[in-house]
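The values are calculated or read from the model by the stated rules, or taken from the named source; none is laboratory data. This one's a predicted model, so the numbers in the text were calculated from it and none came from an experiment. As a convention, Cβ positions derive from the backbone with ideal geometry for all residues, glycine included, and neighbour counts pool all protein chains shown. SASA here: full protein model, heavy atoms, side chains in, ligands and nucleic acids out. Shrake-Rupley method; radii C 1.70, N 1.55, O 1.52, S 1.80 Å.
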Amino acid sequence: MHLYGTLRTSSGVERGGEDFTRDAHEKLIAVGMLRGSLKYRNGKHTGVLGPGDVLVVNSTHPLVTASIGVVETLGMAVPIHDISKDSRVTSGQWPVRLPESALTSAFLAFVGRYLVEDATAEGGGQVSSGLAEPVLYDLLRSALLQVVPATMTPAQQSLRLQAAVHDLIEKYHVLQGFDADSIARALHISRRKLYRDLAEHGDGVAGLIAARRVRSAAAILLEQPAMSLSEVSAAAGFGDATTMRRHFLSKLGVTPADYRRENA
């Protein structure tokens, strides 16, 4: 682990800052802002850091920064596999900006504390590093897990997708033209994957949409007795009354007109 602190008193561009690339170990570099503003570029990502912000980057991609006036930063660099064996961290998408939270504030505070202790220790040695490492590693790991996605099994991913599909159907089934392709586009997945993950539903995605439209149409038929069948079909998301009639017969075994009459 390497702790560092910098104070820039004038504007300028700097590539890499502290040099952590002398060995072959892949490192995570956390840059914390104490004051001032710092523009950065890391790979294709750019942004501006302000007081209290913490950016975590991977040493495999150069970090280029440009200070705006007086800038004070601190941070740490550590081999990535010393932080965690968790694939959520080791395979993360970098850079990561930590959220404003108690964990992020605690991480900054502890880095600052140990920097002061090391600077004031007799002989300038890093006497606190043995105690600092586990605390800072835990803080950085916990802070990163605030923003990296949770690891899920394929079964959990499938259940999550199914829940998202049902949510979309619930919200948008009344829109004419809403179909399986609409769902696939909204979830950024292929139509094939959509149908594969919903395979346990015998009628498929189209059947789920139709069933929800039948439920809406059935409610409208009883709640709005003055509405024509064409109006009901449009309000429920069906393209026309004929399509609604076909799905009513398939799902309920009666026509919309008979359903209204029998339940009036």
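Worth pointing out:
- Cβ pairs under 8 Å, 6+ apart, first in the stretch 233-251 and among the acidic types (Asp, Glu), second open to solvent by 50 Å² or more (accessible area, probe 1.4 Å): ASP240/SER230
- Identity of the residue in the stretch 1-17, of a type in the set (A, V, I, L, M, F, W, C) and open to solvent by 70 Å² or more (accessible area, probe 1.4 Å), that ends up modelled with the lowest pLDDT: VAL13
- Output for the stretch 42-67, where each listed residue is of a type in the set (A, V, I, L, M, F, W, C) and either under 23 Å from GLU26 (Cβ atoms) or surrounded by fewer than 15 Cβ atoms within 10 Å (Cβ to Cβ) (or both): VAL48, LEU49, VAL54, LEU55, VAL56, VAL57, LEU63, VAL64
- Selection from the stretch 102-112 of residues that are surrounded by 14 or more Cβ atoms within 10 Å (Cβ to Cβ) and not aromatic (Phe, Trp, Tyr): LEU103, THR104, SER105, ALA106, LEU108, VAL111, GLY112
- Residues being at pLDDT 80 or above, assigned to a loop (DSSP other than H, G, I, E, B) and not charged (D, E, K, R) - total across the stretch 93-127: 4
- Residue count for the stretch 27-60 satisfying the condition of being within 24 Å of ARG141 (Cβ to Cβ), outside any strand (DSSP E or B) and within 22 Å of the chain's Cα centre (by Cα): 3.
- Matching residues in the stretch 201-217 - criterion: being of a type in the set (Gly, Ala, Ser), open to solvent by less than 30 Å² (accessible area, probe 1.4 Å) and in contact (Cβ under 8 Å) with a residue 24 or more places away in the chain: GLY204, ALA210, SER216, ALA217
- 1 or more residues within 28 Å of GLN156 (Cα to Cα) and at pLDDT 95 or above: qualifying helices (runs of 4 or more DSSP H) within the stretch 171-264: 204-223
- Among the residues of the stretch 128-163, those identified as farther than 27 Å from THR104 by Cβ, open to solvent by less than 70 Å² (accessible area, probe 1.4 Å) and at pLDDT 80 or above are SER158, LEU161, GLN162, ALA163.
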